[in-house]
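Everything below concerns the one structure shown next.
The values are calculated or read from the model by the stated rules, or taken from the named source; none is laboratory data. Everything numeric here is computed off the predicted structure, so don't read it as measured data. We place every Cβ from the backbone using ideal geometry, glycine too, and count neighbours over all the protein chains shown. Please note that ligands, DNA and RNA were not included when accessible areas were found on the heavy atoms of the full protein model with its side chains. Shrake-Rupley method; radii C 1.70, N 1.55, O 1.52, S 1.80 Å.
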Amino acid sequence: MRYIPTTEKQKEEMLKEIGVSSFTDLLKDIPDSVLLKTDLNIPGPINEQKLTERIYDISKKNADFFSIKPLVGAGAYRHFIPEVVKTITAREEFYTSYTPYQPEISQGNLQSMFEYQTHIAKLTGMNVVVPSIYDGASATAEAVLMAMRLSKKNKILVSSLLHPHYLETVRTYTEPHKTEIITIPYKNILTNIENFEKNLTDDVAAFIIQSPNFLGGIENVSEFARIAHQKNILVIQVIAESLSSGILKSPGEADVDIVAGEAQSFGMDLNFGGPYNGYLASKMKYIRQIPGRIAGETTDKNGNRGFVMTFRAREQDIRREKATSNICSNHALNIVAGNVYLSLLGKRGLKSLADLNFKSAHYLRKKLLDTKAFSGPDYPFFNEFILKSDKKEETIDLLMKNGFVPPLDLSKFYPELEGYLLFAVTEIFTKKDLDFIAGLFSR
Amino acid sequence: MKLIYEKSVKGRIGFSIPEDSFDEISVDIPEYAKPHKEYDLPEVSEPDVVRHFTKLSKLNYGVDDGLYPLGSCTMKYNPKINEKLANLDNFLYAHPFAPERYVQGSLQIMFELGELLNEITGMDKFSMMPAAGAHGELTGVLMIRKYFESKGKPRHKMIIPDSAHGTNPASSAMAGFRVVEVKSNERGGVDISELEKIMDEDTAGLMLTNPNTVGLFDENILKIADIVHSKGGLLYYDGANLNALLGIVRPGDAGFDVLHLNLHKTFSTPHGGGGPGAGVVGAKKELIEFLPSPIVCKNEKGYFFEFPKNSIGRVRAFYGNFSVLVKAYAWILSMGPQGLREAAETSIINANYVLAKLKDYYKPAYDRTCMHECVLTGKEYKKYGVKTLDISKRLMDYGFHPPTIYFPHFEPYAEETIMIEPPESESKETLDSFIKAMIKISKEARTKPELLKEAPHSTPVGRLDEVKAVKNPKLHY
């Protein structure tokens, strides 16, 4: 086997050094009744050439996704990824290394964590950043558990426009803790603030609001935070489309307490849903309750700057059942991806790209409305919007036939939105593409 | 080394913004969402970025640089072809909300990987959803929780050995269980008489890593399973150390009811500096209905998502760390049944070889033949003022990544531990040079202890002040 260097002759030498006469002598702790007596019934071994052909053939059973562009986002956005992101993340020093428990030979990862924490701190306006939780949904669930620990209360209010997968994840994570979850309905595709106020009682730990929300709507987070804070309720903002940070008010400026984000838009491929990269950010005063690895700056014995994992007393390998979370491995390589991506874009790039997404989404919506084949509510949105089609199935078919992944049929998640489709538009669509799409419906 | 922010020059950019103009769109973002504060990100060109990150990467040590003998981490070679196959366009650009008929290839990989893992572990159905080992543990213990609830008899305790990874008790606590610790005995396994005492009808089960973290296969496994099952409990298998058992033992045949596997350990997918991996969860028949939703199934028309009737729900968005699954699938097919067994055999021989060669210099926690990893201790060097930490730091000067240290920790057997896992992809020559370095260090500890206490001497930075990092927290630039 080409991945195993030891030869049969060497094995014999080694067994001799160990002081046993055969390999099976090393298995004497294992009860005979559980020892496998036959080979596993699996295919292989297949050689590298056949393996390549086989998996290439399987991949061909997928649609030609490079060419067919998605008109759907809903928590997974196709943005253009500069090649440099791949070049760097494909360096073995990054992708074949372990968690940086030995900082002297892990400064690459640790400094990259620190730089990325800086990017996210600037974009969120927060002082503490945990650069990797598995994804936006698990980060949201961790934020909820964190808020419950901080407040010692277990009732939470959740906007009904939180990504449905995120809400389901929150339900799974909180189920053992007898958490009461109240969903706040929406009105005009934004979270209903009157209903929110009505539900504000002293026993509420936190309010979770996604902005831009699941239907693309830009929420008035500042106003929700102002009201929530009058009752000492923690505010968690979820950001599933992180590119929006390029032009929207930061959670910090809106006085949010905890941010749970999904950074997939910062240099990660769609990959059928993962791996992406969640992050958590909070005000400094909450650092002892935030879960996950954090890099901090320090010095070595000669006074040189260096970085280590810090505030480790929160973590499972030290605190066991008293840890803030069980999280150990995260999605560290995607911290590097996000760091490279944001460094390439810089302030000007991120702002221009976010602005372009905003404008091109508004352009398509207007063009589609002009065709009269669609109708829909007016509301402030970022790069996703909903429209109603009276012939939903035909619309979806037409878009698929013309080489697009269709927008999301919302009736799956919101039965009252039967006929509505959730469109996403990013910079991968040129103006010509958008004109072509609208043209399909104008006759 | 400078931070990317310290290389910023006003006016530079490393990205080409698409030219389309949408000037006719006059819509603006609402007043309430307009920022009043400007954020600044670094302004650097593409070559600046490439040089910066290339330089950063050179401060890191990866498996491709040399031996990485971290115990219970299985830092084996990451095959290059698997990286390429996971990055095929049709996989990479697949949107998770694309219609099922557009993603038959992706679903096939997920389904077939599950079938392969069923055969390898003796389980009946896998969920590909969990993102990491600890995430898989949480999923598994939530399933156990739901299993008892669905019977109308919820249970509140989970037994965990003192040798277990910290994630086990942390996951159990997250799932609402009260953690009860069971001690290790003088042979390195679970203390059976203590287990008998604490196992009762309010205990949901036992989480066991086998081989455990001292590198020993629990010789009483059948008795343990019997004790847990006789009180109606379930047995959870932490798959962190499955590498030792490939083709030798199937956890499903040894009485385990639910398990997770770390695809980034046993199944060769890269660790990525701490992830992403995958912590897929396998269940025996009685527990399939509790798996996270959705799972991938197959009928005559093709592959599709199904929603188990008593599912614990989702533990994340979408379906799993797909690209990691492709790599694990490719590795299993490349190895085949003989290759898998050869991997286990070689890793066991490697660990015992290191143990045999080093036990006169570093006292083993348990002086017995081990499985795929061996646990030594650095206790005897305390009298020279040398800590286990110093030994591990000195190893860096010899060009090796240190083993896991101070874990496992339980008195009186496992103290000042050095946990060494030399996976099957390491050659005898590499092991010999590692052994030589360890022996040399043991001499240095006695004759030149200062050399160890000041180590490492040849790394980009010297020993770092971790206390200062907490006292004066600086968490961003």
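The mean sequence separation of alpha-carbon pairs under 8 Å and at least six residues apart, normalised by the residue count of chain A, gives a relative contact order of 20 percent. Across all directions, the shadow cast by the convex hull of chain B built on its C-alpha atoms averages 28.6 square nanometres. Mind checking which of A:LEU364, A:LEU26, A:LEU71 has the largest fluctuation in a GNM of chain A, springs on alpha carbons under 10 Å? Judging by the Gaussian network model, the answer is A:LEU26.
One decimal place: the segment B:LYS2-B:GLU466 gains 165.0 nm when fully extended, by the rule 0.36 nm per residue minus the C-alpha distance.
With point charges of +1 on the Cβ of Lys and Arg and -1 on the Cβ of Asp and Glu, referenced to the Cα centre of the stretch A:235-342, which listed residue (A:ILE290, A:ALA323, A:GLY252) lies farthest in the positive direction of the dipole? Selected residue: A:ALA323.
Taking 50 Å² as the minimum loss, tell me which residues in the stretch B:288-320 lose that much accessible area going from the chain by itself to the full protein complex (1.4 Å probe). Hits at the 50 Å² cut-off: B:ARG314, B:ARG316, B:ALA317, B:PHE318. Only helices reaching 18 angstrom along their own axis (Cα) with mean Kyte-Doolittle hydropathy no lower than -1.0 count here, and for the DSSP H runs of chain B these are B:104-121, B:133-150, B:322-358, B:428-447. Contact residues in the stretch B:255-270 (at least 10 Å² less accessible area with all protein chains than alone, 1.4 Å probe): B:HIS264, B:PRO270. For the pair A:ALA313 and A:GLU8, label points projected 7 Å from Cα toward Cβ lie 5.8 nm apart.
Note: relative contact order over the stretch B:4-56, using C-alpha pairs below 8 Å and six or more positions apart, is 64 percent.
Rounded to the nearest 20 debye, the dipole size of the protein assembly as shown about its Cα centre is 1400 debye, using +1 on the Cβ of Lys and Arg and -1 on the Cβ of Asp and Glu. Taking a straight line from the alpha carbon of B:LYS357, these lysines sit under 20 Å away, with near neighbours fewer than eight places off in the same chain left out: A:LYS9, A:LYS11, A:LYS16, B:LYS379, B:LYS428, B:LYS436, B:LYS440, B:LYS443. Summing both sides, the accessible surface hidden between B and A at a 1.4 Å probe radius is close to 17600 Å².
For the pair A:ASP57 and B:ILE198, label points projected 7 Å from Cα toward Cβ lie 5.2 nm apart. When both bridge partners sit in the protein assembly as shown, DSSP labels roughly 60% of those beta bridges antiparallel.
Of the solvent-accessible surface of the protein assembly as shown, computed with a 1.4 Å probe and all protein chains present, 49% belongs to carbon and sulfur. Given +1 at the Cβ of Lys and Arg, -1 at the Cβ of Asp and Glu and no other charges, the dipole of the stretch B:4-56 around its Cα centre is 520 debye to the nearest 20. Using the average count of surrounding beta-carbon atoms within 10 Å as a protection proxy, the listed peptides A:433-441, B:315-323 rank, highest first, as B:315-323, A:433-441. Solvent-accessible surface, computed for protein heavy atoms with a probe of 1.4 Å, shrinks by 50 Å² or more for the following residues of the stretch B:83-102 when the other protein chains are added to the isolated chain: B:LEU85, B:LEU88, B:ASN90, B:LEU92, B:TYR93, B:HIS95, B:PHE97, B:TYR102.
Which whole-number percent is the relative contact order of the stretch A:146-292 (Cα, under 8 Å, 6+ apart)?
Once normalised by length, the contact order is 21 percent.
What FRET efficiency, computed as 1/(1 + (r/R0)^6) with R0 = 45 Å and r the Cβ-Cβ distance, is obtained for A:MET284 and A:PHE66, rounded to the nearest 0.05? For A:MET284 and A:PHE66, the calculated efficiency is 0.55.
GNM on chain A, alpha-carbon springs under 10 angstrom: the most fluctuating residue among A:THR299, A:THR430, A:THR191 is A:THR299. Pairwise Cα distances in the protein assembly as shown exceed 35 Å in 50 percent of cases.
Between A:GLU180 and B:ASP367, the C-beta separation translates, for a Förster distance of 51 Å, into a calculated FRET efficiency of about 0.40. Take each residue in A:162-174, count the other chain C-beta atoms within 10 Å of its C-beta, and the mean is 4. In this simple spin-label approximation, B:SER458 and A:ASP390 carry label points 7 Å from Cα along the Cα→Cβ vector, and these lie 7.8 nm apart. DSSP assigns beta bridges within chain A; of those with both partners inside it, close to 55 percent run antiparallel. Given R₀ = 30 Å, FRET efficiency for A:SER411-A:LYS86 by Cβ-Cβ distance, to 0.05? Taking R0 as 30 Å, the efficiency between A:SER411 and A:LYS86 is 0.20. Multiplying the residue separation of A:ASN195 and A:LYS16 by 0.36 nm and removing their Cα-Cα distance gives an extension gain of 56.8 nm. Rounded to the nearest 5, the antiparallel percentage of DSSP beta bridges internal to the stretch B:80-334 is 45%. Note on exposure: B:MET1, A:MET14 ranked by accessible area (1.4 Å probe, complete protein assembly) read B:MET1, A:MET14, with the most exposed listed first. Adding -39500 (n - 2.57) for every DSSP H run of four residues or longer, then dividing by how many residues chain A holds, sets the calculated 222 nm ellipticity at -11000 deg cm²/dmol. A 1.4 Å probe run over the protein chains yields, for the protein assembly as shown, 33 Å² of accessible area per residue, whole-number rounding.
Full extension of the chain between B:HIS229 and B:LEU451 yields a length gain of 74.6 nm, computed as 0.36 nm times the residue separation minus the alpha carbon distance. Peptides A:161-174, B:152-165 ranked from most to least packed give A:161-174, B:152-165, packing being the mean of other C-beta atoms within 10 angstrom over each peptide's residues.
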